[in-house]
Amino acid sequence: MKKREQRLEIDANGNLRKKGFLSGIYNFGYYYKSYIIVFTVVLVFIALLYFSLNSAQADMYLYLVTWQDSTLTDEQVNQLFENASAYVDDFDGDGAPYFVPKWLQLTENPDDVAHEDLERAITDQNIVCFAVDETVYNDLLQSGVLRDLAFFGLEGYDDYRILLNDTGYMSGVDTEEELYLVMKYFPDEQYEDYFISLLTSSVVDICKELIEGQ
């Protein structure tokens, strides 16, 4: 009976190991297992962090949408967002208030990024309100995007908007440009969704606080 040939070799460290593809994988894992374990742990941590951040729900999303001729500066917008964040509480009870602001400056080009972001925001069920200037307000109103304030028991500047100037949102923001808070329209049955209802109720409470503080 022919004796089976042993597929063995001496590695660079003088250790005897088997040859072959599968054996090579086994040997690599044996000699570098500590590195593999560390790399796997880091990879799992990054994956968990990524999915956690992307699945986290904000207590309030606020898109400030203005036309390209807005006189607002970056400093003024940052101050507005800082003021707005102070009104946000941990409405969903996840342990910390989470505020997501974004400034969109629209141009004449309907295909620019700001217009695309606004279109996504209009269909995003996590976004229930906007801060807007006069031009954007009129555009959204004509497009049927806005919900009348009376639906929420609110009284504003008119039927669809709350003037933000002279409220806590505009504290320290020295501008003559008028900005408004508007509520996005949802069909009535969508308010049965728990998170839409929660977000909407929290923003309505903020609106009441802003109106009372005027």
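The values are calculated or read from the model by the stated rules, or taken from the named source; none is laboratory data. Only a predicted model underlies this, so the values are computations on that prediction, with no experimental measurement involved. Please note: Cβ atoms are built from the backbone with ideal geometry, for glycine as well, and neighbour counts cover all protein chains shown. Note: accessible area is taken over every heavy atom of the protein model, side chains too, but ligands, DNA and RNA are not part of it. Shrake-Rupley method; radii C 1.70, N 1.55, O 1.52, S 1.80 Å.
Within the accessible area of the stretch 64-160, the carbon and sulfur atoms contribute 44%, probe 1.4 Å, all protein chains present. When the solvent-accessible area of the stretch 165-214 is split by element, carbon and sulfur atoms take up 42 percent of it, the probe being 1.4 Å.
Taken per residue, the accessible surface of the stretch 97-167 reaches 51 Å², heavy atoms only and a 1.4 Å probe.
The percentage of C-alpha pairs in the stretch 71-146 whose separation is greater than 20 Å is 42%.
For a protection proxy built on the mean count of beta-carbon atoms within 10 angstrom, sort 169-176, 65-72 highest first, please.
65-72, 169-176
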